[in-house]
Amino acid sequence: MRATTAFNKMLAIPGACVAAVTFTPEGIVVDLKRRGKRLRCSCGWSTRAVYDRSTRSWRGLDLGASKLVLRAEIRRLACRGCGRVRTEDVPWARPGSRFTGDFEDVVAWLAQRMDKTAITRLLRCSWAAVANIVARVVADQLDDARLDEVYRIGVDEVSYRKGHRYLTVVADHDRDGAVIWAGEGKKAATLQQFYDQLGQTRTAQLQAVSMDLGAAFKKATDAKAPQARQCADPFHVIALANEAIDKALRWAWNIERDKAKHAAAAAGPKPRGRPPAGSPPPPRDQARWVKHTRWALLKDPDQLKPKQLEVLHELRRTGSVLYRCWQLKEGLRDLYRLSDPADAPAHLDWWLAWACRSRIPAFVALSKTVRTNRDRILAAVELGLSNSKLEGLNSKIRLINHRGYGHHSAAALIAMIYLCCGGLTIQLPTER
Ligand SMILES: [Zn+2]
């Protein structure tokens, strides 16, 4: 069998056959001869008229340990669709790329799974090449049709670059939280860009939008999708309750200290010797005391360690105001653990009455926020919507950063988010 025939069978390049094979120190260079005479523009227009010709090389998947380079004549055409001179499309590579489609698909498949340095070493290409390939494959695979059947979405902000920059991310609740859109920024204008891309007809189909308790996403949704029910994401509501606990800790420390002072004054002179065993440590050092109690109050009661459980018990026994803080926080969390969601309005109203009379400033303030968002909070319970998948995105983005992607620009990070969290399936050349 002739070498050209063997390479023809082995490479099976669409739309071309092998004319010559050269073994060079840089690798195996395969010259291709095009079958068709027609020139195609990426806009779809085609012609037989050649504007000019040149030779171009594409890097292909390695053959054994040898690099493979495909070489072919590439022509330009005066495209009437685009109204200018453009380079023709070739069937084995994406427009503008110096890599074959197969090579790019393998890079994208690996980028979903391993770090960038490993890819550059395995495939002998540069960091910049990997980033460009990811962007090209995502642009090629991302189909506008993903926005067609969208009814219930979740919107959230995610931070990157050590929390200095933000992206707004939209996920489809009905497609297992797959990311369908991401944009730079976290303002109302950012989300409006999504609604604009969705267009009027598809935006009018939206039934529910879950989001945080901030004003930005609400403003954009009020303006663009007023028919959609807005849901306050449970994760953000609970996060506010945890923030209230943190505020109350510092506030309560002052109360405990005053209590200890009064008790000491009433007891007269300080008894000599060591305090009896089991008596709580005097609240002297605020930082230490806060640290001592914080996790006992914040953690899920089912997950408490014996020591933390003891702290909680001690707060209850001594009638600490912090025990009431903990009860209030758990009372709000109970909203999401009701066996019958129909009880939610009554439960929330009971909690609101309790919290606003608690005389704990942080929880009185929280009750005001919750009251303002009452309908949105209850809508989330009724529809069972939560952005938990989106919250997982923050850790996924940390992983993407850790693997060496997304350092350069928001665009590169957005491409990786679509690739890794957008439900894109990259088919390997060996799976076709
Ligand atoms: Zn064109």
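The values are calculated or read from the model by the stated rules, or taken from the named source; none is laboratory data. Because the structure is predicted, anything quoted here is derived from the model rather than measured. Here Cβ is always computed from backbone atoms with ideal geometry, including for glycine, and neighbour counts include all displayed protein chains.
Within the range 233-249, is there a residue that is more than 24 Å from Ala344 (Cα to Cα), touching a residue at least 24 places away in the same chain (Cβ under 8 Å) and not charged (D, E, K, R)?
Going through the range 233-249, the residues more than 24 Å from Ala344 (Cα to Cα) turn out to be 246-249.
Imposing the further condition that a residue be touching a residue at least 24 places away in the same chain (Cβ under 8 Å) reduces the set to 246-249.
Filter again for not charged (D, E, K, R), leaving 248-249.
Scanning the range 233-249 turns up at least one residue that is more than 24 Å from Ala344 (Cα to Cα), touching a residue at least 24 places away in the same chain (Cβ under 8 Å) and not charged (D, E, K, R).
With the condition kept exactly as written, say whether any residue in the range 132-142 is closer than 25 Å to Phe217 by Cβ and either crowded, with 16+ Cβ neighbours inside 10 Å or modelled with pLDDT under 95 (or both). Outline the logic, then answer.
Our first condition is that a residue be closer than 25 Å to Phe217 by Cβ; within the range 132-142, this holds for 138, 142.
Those still in the list that are either crowded, with 16+ Cβ neighbours inside 10 Å or modelled with pLDDT under 95 (or both) too: 138, 142.
Scanning the range 132-142, I find at least one residue that is closer than 25 Å to Phe217 by Cβ and either crowded, with 16+ Cβ neighbours inside 10 Å or modelled with pLDDT under 95 (or both), so the answer is yes.
Just checking, does the range 40-52 include any residue being more than 16 Å from the ligand (Cβ to nearest atom), in the same structural domain as Val90 (by TED's automatic domain parsing), within 25 Å of Asp105 (Cβ to Cβ) and in contact (Cβ under 8 Å) with a residue 40 or more places away in the chain?
no
Looking only at the range 13-39, filter to residues that are free of Cβ contacts under 8 Å to residues at least 24 places away in the same chain and under 27 Å from Arg86 (Cβ atoms); which one of those is surrounded by the most Cβ atoms within 10 Å (Cβ to Cβ)?
Across the range 13-39, the extreme among qualifying residues is Val18.
For the range 41-60, name all the residues that are buried (at least 18 other Cβ atoms within 10 Å of the Cβ) and of a type in the set (D, E, K, R).
Initial filter on the range 41-60 (buried (at least 18 other Cβ atoms within 10 Å of the Cβ)): 41, 58-60.
The one that is buried (at least 18 other Cβ atoms within 10 Å of the Cβ) and of a type in the set (D, E, K, R): Arg59.
Which of the residues that make up the range 143-166 are out of contact with any Ser or Thr (no Cβ under 9 Å at 6 or more places or on another chain), of a type in the set (Ser, Thr, Tyr) and buried (at least 16 other Cβ atoms within 10 Å of the Cβ)?
Of everything in the range 143-166, just one residue is out of contact with any Ser or Thr (no Cβ under 9 Å at 6 or more places or on another chain), of a type in the set (Ser, Thr, Tyr) and buried (at least 16 other Cβ atoms within 10 Å of the Cβ), namely Tyr160.
Which count do you get for residues in the range 87-98 that are among the small types (Gly, Ala, Ser) and either over 38 Å from the mean Cα position of the chain (by Cα) or within 16 Å of the ligand (Cβ to nearest atom) (or both)? Before you say what the answer is, go through the steps one by one.
Looking only at the range 87-98, we keep the residues that are among the small types (Gly, Ala, Ser), and these are 93, 96-97.
Pick out the ones that are also either over 38 Å from the mean Cα position of the chain (by Cα) or within 16 Å of the ligand (Cβ to nearest atom) (or both) and you get 96.
Looking only at that region, the number is 1.
Just one of the numbered conditions (1) closer than 30 Å to Arg294 by Cα; (2) under 17 Å from the mean Cα position of the chain (by Cα); (3) charged (D, E, K, R) is not true of Glu243; which one?
With respect to (1) closer than 30 Å to Arg294 by Cα; (2) under 17 Å from the mean Cα position of the chain (by Cα); (3) charged (D, E, K, R), Glu243 is out only on (2).
Among the candidates Ala415, Ala379, Ala362, which residue alone is over 30 Å from Ala346 (Cα atoms), in contact (Cβ under 8 Å) with a residue 60 or more places away in the chain and among the small types (Gly, Ala, Ser)? Please lay out each step first, then the result.
On the way: Ala379 fails: over 30 Å from Ala346 (Cα atoms); Ala362 fails: over 30 Å from Ala346 (Cα atoms).
Step by step, each of Ala415, Ala379, Ala362 is checked, and only Ala415 is over 30 Å from Ala346 (Cα atoms), in contact (Cβ under 8 Å) with a residue 60 or more places away in the chain and among the small types (Gly, Ala, Ser).
Given the conditions (1) at negative phi; (2) assigned to a helix (DSSP H, G or I), which single one is not true for Gly199?
Among (1) at negative phi; (2) assigned to a helix (DSSP H, G or I), the lone unmet condition for Gly199 is (1).
Just a yes or no: is a residue in the range 167-175 surrounded by fewer than 16 Cβ atoms within 10 Å (Cβ to Cβ), outside any helix (DSSP H, G or I) and modelled with pLDDT under 95?
no
In the range 80-107, how many residues are at positive phi and free of Cβ contacts under 8 Å to residues at least 12 places away in the same chain? Even if it seems obvious, please write down each step before you answer.
Residues of the range 80-107 that are at positive phi, as a first pass: 83, 96.
Filter again for free of Cβ contacts under 8 Å to residues at least 12 places away in the same chain, leaving 83.
Of the residues in the range 80-107, 1 are at positive phi and free of Cβ contacts under 8 Å to residues at least 12 places away in the same chain.
Given the conditions (1) within 15 Å of the ligand (Cβ to nearest atom); (2) closer than 15 Å to Arg59 by Cα, and given that Asp105 satisfies all but one, which numbered condition is not satisfied?
The number of the failed condition is (1).
Limited to the range 61-86, what total is found for residues that are buried (at least 19 other Cβ atoms within 10 Å of the Cβ) and within 13 Å of the ligand (Cβ to nearest atom)?
Residues that pass the stated criteria total 3.
When only residues in the range 397-409 that are crowded, with 18+ Cβ neighbours inside 10 Å and part of a helix (DSSP H, G or I) count, which is farthest from the chain's Cα centre (by Cα)?
That would be Ile400.
Restricting attention to the range 333-359, which residues are touching a Lys or Arg at 6+ places or on another chain (Cβ under 7 Å) and not in a helix (DSSP H, G or I)? Let's see the steps before the verdict.
Taking the range 333-359 first, the residues touching a Lys or Arg at 6+ places or on another chain (Cβ under 7 Å) are 348, 352, 358.
Listed by number, the list holds a single entry, Ser358.
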